[in-house]
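The values are calculated or read from the model by the stated rules, or taken from the named source; none is laboratory data. In this text, all values refer to a predicted model and were calculated from it rather than measured experimentally. Here the Cβ positions follow ideal geometry from the backbone for every residue, glycine too, while neighbour counts run over all protein chains shown.
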Amino acid sequence: MLDGKKILLIISGGIAAYKTLDLIRILRKENAHVTCVLTKGGAQFVTPLSVAALSENQVYDDLWSLTDETQMGHIRLSREHDLIIIAPGSAHMMAKMAHGLADDLASTLLLASDKPIMIAPAMNSVMWRHKATRANVDTLLERGIVSVGPNEGNLACGENGIGRMSEPNEIISAIKKFFANKPLEGLHALVTAGPTYEPLDPVRFIGNRSSGKQGYAIAHALLEAGAQVTLVSGPTRENPVDGANMVYVETALEMLAACEKILPVDICICSAAVSDWRAKKANNQKIKKTSDNEPPTLSFVENPDILKTISNHKNKRPDLVVGFAAETENIESYARSKLERKGCNWIMANLVGKNRNGKEKAFGSDENQIYFFTHADKNPEPWEHMSKKHIAHRLVAKITEHFKN
Ligand code: C5P
C-alpha cells in the first residue's frame, strides 16, 4: 500500500526520535520514498548520518543553506510529497504549527505546504496536559491534521503517564489507514463556488445572495477523499480551503477563463451561482445622476454558461460533470430540463427563497434540501434536509461509486 508513496518525515526534538529511525526503516521496507528533515532539537537525539543512511536520501536541516536551496527550495520540498509526518512531534513544534511560526526549515515548510499532515506527539505528560498544548492540539485537529497517539506508559523523564510516542508499527498502521481512505486519489476535481459580481461601473455591480458555503464544503469533502482540488471561487466570506488550489475571480467571464485554463480534470462540480447577464458595457467612470433625474438605462448581454460549456467540451470534457439548479418553483420539471439542456451528468436541485418563517431556505444557510437528478433514473432521489457539509459528503460518496463502476 505504501509502494511509491512520497513521505516527508520531520524529526523534531525528543528522546522518542530513536524510534523514528525504526519508522524510517519500515517505511523503506514498504517501498515508500522517505525524505527527512531534522530540526535543531531532533539533531540532538539522532544524527543526520544515521537518518540519511536509513532513508537512503539526503537529509535537510537548514533553511538558509545555499546548497539545500539550490538543490531543492523549501517550497518545492513542502509540495512534492503525498504526506508529511512529524515524529516525534514536540510540544514546541505543535505550538509553532498552531501559531503559524516559521523560524526554521521544518516550520517554514509546514507553513508553505498544502499537503496532508500527520503528527505523532511525544512529550512529558504534564506538558501534554498543559492548557496551552491542549489548545494547540485542538487547533491542529480542527485544521484536519491527523494525530497518532501519544500512548500511556513509562516516559524517558522517569515519570509514568501519557506522552509516549506511538510505536513505529502503530504509526505505519495509521499511515496505511490514511492512504486506504482515499477513494478519489489520483483524480483532479474542479469546483466552482460563490456568486459572480458583474460590474456596472467602478463602484457598482450586480451580484446575488450565494454564500459559496456548499461549494467550499464540497471542496473540503473531495480533498478528504484524496482528490486533487481546484476551487474557482467568486467573492465569498469563506476561508481558503487548506490543500486546495484556490483561484479567485469576480465575473462570469473570469470564472469561465479560469475553468478553461484548469481543464482537463476528471470531475467538475459547478456550484457557483453565475450571473446570467452582465452589463453590455461597464462604465469606466461612476455613473452620475443626471440633472433631469432620469434613472440610467442599463443594457445587458448574456454571460456564457460555464456548466454547459464544460459539459459539451470537445476534447476536454471531464468524465463527470455536476450542476446545481436553484429554483423557486417547479423544481422537478426545471431541474430535469436543465439536465438535458446543459448536458451534465447529474443535477443537484434545491428550492431557494424564503421559508414560511421568513428565513432563507438555501442561500447563506448552513443547511439545504437536495433532489438528486441523473439521466438513468426517471425520478429524482430526494435527500433529507441536512447540513451543506453532510450534502457534500453524500455527493462525494456518489462520486466514489461512479468511479468504482
Ligand atoms: O441555468 P441556471 O443558472 O439555473 O443553472 C444552474 C447551474 O448552471 C449551476 O450549476 C451553475 O453553476 C451553472 N451555471 C454556469 N454558468 C452560468 C449559469 C449557470 O455554470 N452562466
**Item:** Total residues in segment 88-112, condition part of a loop (DSSP other than H, G, I, E, B) and free of Cβ contacts under 8 Å to residues at least 60 places away in the same chain
**Value:** 4
**Request:** Identify the single condition in (1) within 22 Å of Glu142 (Cα to Cα); (2) in contact (Cβ under 8 Å) with a residue 12 or more places away in the chain that Leu190 does not satisfy, given that it satisfies every other one.
**Result:** (1)
**Item:** Count of segment 113-129 residues which are at pLDDT 90 or above and more than 13 Å from Ser90 (Cβ to Cβ)
**Value:** 5
**Lone unmet requirement of (1) surrounded by 20 or more Cβ atoms within 10 Å (Cβ to Cβ); (2) farther than 16 Å from Gly144 by Cβ for Ala227** = (2)
**Candidate set from segment 220-253 (those that are without any contact (Cβ under 8 Å) to a residue 40 or more places away in the chain and not in a strand (DSSP E or B)); member that is nearest to Val274 (Cα to Cα)** = Arg237
**Request:** Looking only at segment 25-42, count how many residues are assigned to a helix (DSSP H, G or I) and in contact with a helix residue (DSSP H, G or I) (Cβ under 9 Å, 6 or more places away or on another chain).
**Result:** 5
**Asked** Of all residues in segment 265-318, which are of a type in the set (A, V, I, L, M, F, W, C), within 16 Å of the ligand (Cβ to nearest atom) and over 30 Å from Phe403 (Cα atoms)?
**Response** Trp277, Ala279, Phe300, Val301
**Residue check for Asp22: acidic (Asp, Glu) and assigned to a helix (DSSP H, G or I)** = yes
**Request:** Assess whether Gln214 counts as being surrounded by 24 or more Cβ atoms within 10 Å (Cβ to Cβ), within 17 Å of Cys270 (Cα to Cα), assigned by TED's automatic domain parsing to the domain that holds Asn368 and of a type outside the set (Ser, Thr, Tyr).
**Result:** yes
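Residues are listed down the side, and each one gets a yes or a no for (1) basic (Lys, Arg); (2) within 19 Å of Ile306 (Cα to Cα); (3) more than 14 Å from the ligand (Cβ to nearest atom); (4) crowded, with 24+ Cβ neighbours inside 10 Å:
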| position | (1), (2), (3), (4) |
| --- | --- |
| Pro199 | no, yes, yes, no |
| Phe205 | no, no, yes, no |
| Ser210 | no, yes, no, yes |
| Leu256 | no, yes, no, no |
| Leu263 | no, yes, no, no |
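Any residue that is within 20 Å of Asn345 (Cα to Cα), hydroxyl-bearing (Ser, Thr, Tyr) and assigned by TED's automatic domain parsing to the domain that holds Ile399 - is there at least one of those in segment 248-267?
no
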**Request:** Considering only segment 319-338, state which residues are more than 13 Å from the ligand (Cβ to nearest atom) and buried (at least 17 other Cβ atoms within 10 Å of the Cβ).
**Result:** Leu320
**Prompt:** Given segment 147-194, what strands (runs of 3 or more DSSP E) lie entirely inside it while holding 2 or more residues that are buried (at least 16 other Cβ atoms within 10 Å of the Cβ)?
**Reply:** 160-164, 188-193
